[in-house]
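Here is the structure we will look at.
The values are calculated or read from the model by the stated rules, or taken from the named source; none is laboratory data. These figures come from a predicted structure and were not determined experimentally. Cβ sites come from the backbone with ideal geometry, for glycine too, and all protein chains shown count toward neighbours. Side chains included, ligands, DNA and RNA excluded: accessible areas come from the protein's heavy atoms. Shrake-Rupley method; radii C 1.70, N 1.55, O 1.52, S 1.80 Å.
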Amino acid sequence: MKVLVTGGLGFIGSHTVVELQEQGFEVVIIDDLSNSSEKVIDGIVAITGKKPVFEKIDLKEKSKVEDFFKRHNTIEGVIHFAASKAVGESVEKPLLYYENNISTLVYILKELSKKDKANFIFSSSCTVYGQADTMPITESAPVKAAESPYGNTKQIGEEIISETCKVAPSLSAIALRYFNPMGAHPSAEIGELPIGVPQNLVPFITQTGIGMRQQLSVFGDDYPTTDGTCVRDYIHVVDLAKAHVIALKRLIDGKNVTNYEVFNLGTGTGSSVLEVIHSFEKVSGKKLNYKIVDRRPGDVISAYANTEKANSVLGWKAESTLDQAMKSAWDWEVKIRS
Ligand code: UD1
């Protein structure tokens with residue numbers, strides 16, 4: 001069974017390609033290499049023994065998208081990761097984000113709408129909830145006004161898919177709202193490869209631990225949480241990748257209840273920034289140099305998932321602990337810097 005993974009050489013994409021191949025799917029990757037490297041294919045081959053087909057395509061080029069689906073007319077499912085994801089950059093360059101994240105989605109959906117049957121998995125984010133009023137966050141929590149163009153592209157993306165599904169009954173889609181992905185494959189053959197200074201907490205911690213960064217800034221310790229630092233739901237990328245395969249199979253097997261469904265993907269446990277730092281110190285045996293600084297504008301206080309729907313309906317549950325995910329992130333950092 002042939003599956004297209006857009007952004008398949010990126011962080012979550014590459015881990016999902018591994019899980020798909022390990023379960024016998026034939027994978028075709030589209031990636032424009034704007035935030036990834038062709039070398040990731042070597043890591044995928046090292047783990048699975050199978051080389052996915054790779055096409056370097058910029059999905060903003062509509063004619064190339066049309067041509068791709070003509071050439072690959074036996075594709076049964078699409079997992080769409082390809083998107084820009086830096087919140088700060090999106091505020092500086094909103095049009096870049098709307099073009100990269102929205103036009104590409106529209107072009108793919110147009111092609112899928114032409115098929116007799118098409119299955120589509122979308123990378124969404126817990127960012128759609130903003131600061132939710134109650135924890136843990138269920139899928140029925142209201143979608144709040146987006147804090148950034150990046151967040152808005154996820155909300156608009158979900159709306160585009162849901163509206164398209166209403167008029168294209170041959171299309172079935174699932175939006176997966178990720179909480180905070182972290183970690184790397186336990187083999188340390190693939191992992192996160194941030195370009196430049198990492199914006200996210202975990203790669204900044206591991207780069208500080210390895211000596212690439214001098215100090216981690218902890219953005220605020222005066223929040224109304226147990227230790228004053230923000231709380232998030234950190235999920236191992238391999239657990240996240242497995243959920244994509246389960247979601248895709250649900251659609252392929254026709255087990256979906258409606259042709260557009262939404263699931264939270266998190267562990268259900270909230271961890272503060274200081275707890276994440278302590279986890280790093282525990283698994284690495286290193287002291288982390290960090291300093292408390294001012295709050296980062298736009299940060300929510302707390303966000304962790306109610307995972308009941310994913311557990312009972314998808315039959316999926318995150319298995320890794322924060323320490324296990326952190327150990328994999330640290331092993332990967334050590335490997336790529338040695
Ligand atoms: C961020 C985005 C979110 C997006 C996700 C994609 C914001 C407000 N949210 O999530 O929309 O889906 O990235 O990966 O940007 N922290 C520090 N020091 C650092 C970095 C982070 O203290 O150097 C803290 C943050 O204040 C936050 C936590 O660590 O409390 C996690 O931050 P981060 O990894 O950037 O993720 P989110 O902000 O949750």
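Computed values, structure above
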quantity	calculated
Long-range neighbours under 7 Å by Cβ, at least six apart or interchain, first residue open to solvent by less than 10 Å² (accessible area, probe 1.4 Å) within segment 217-234, second more than 8 Å from the ligand (Cβ to nearest atom) and charged (D, E, K, R)	VAL218/LYS291; GLY220/ASP294; GLY228/ASP221; GLY228/ASP222; THR229/ASP221
Segments classed as helices (runs of 4 or more DSSP H), wholly inside segment 1-92, with at least 1 members that are within 20 Å of ALA118 (Cα to Cα) and either open to solvent by 40 Å² or more (accessible area, probe 1.4 Å) or touching a Ser or Thr at 6+ places or on another chain (Cβ under 8 Å) (or both)	11-22, 62-71
Residue in segment 268-284 that is of a type in the set (Phe, Trp, Tyr), at pLDDT 95 or above and within 16 Å of the ligand (Cβ to nearest atom) present	yes
Long-range neighbours under 8 Å by Cβ, at least six apart or interchain, first residue open to solvent by 10 Å² or more (accessible area, probe 1.4 Å) and part of a loop (DSSP other than H, G, I, E, B) within segment 114-128, second among the charged types (D, E, K, R) and more than 16 Å from the ligand (Cβ to nearest atom)	LYS117/GLU76
Scope segment 173-210; condition open to solvent by 60 Å² or more (accessible area, probe 1.4 Å), more than 8 Å from the ligand (Cβ to nearest atom) and over 14 Å from ASP331 (Cβ atoms); matching residues	LEU193, ILE195, VAL197
Residue satisfying all of: in segment 229-238; within 16 Å of the ligand (Cβ to nearest atom) and not hydroxyl-bearing (Ser, Thr, Tyr); farthest from ALA188 (Cα to Cα) among these	CYS230
Yes/no for GLU89 being over 24 Å from SER172 (Cβ atoms), of a type in the set (D, E, K, R) and under 22 Å from the mean Cα position of the chain (by Cα)	yes
Candidate set from segment 129-172 (those that are small (Gly, Ala, Ser), open to solvent by 20 Å² or more (accessible area, probe 1.4 Å) and touching a residue at least 40 places away in the same chain (Cβ under 8 Å)); member that is nearest to the ligand (Cβ to nearest atom)	SER162
Criterion: open to solvent by 60 Å² or more (accessible area, probe 1.4 Å), part of a helix (DSSP H, G or I) and touching a residue at least 40 places away in the same chain (Cβ under 8 Å) - qualifying residue of LYS286, LYS282, LYS291	LYS282
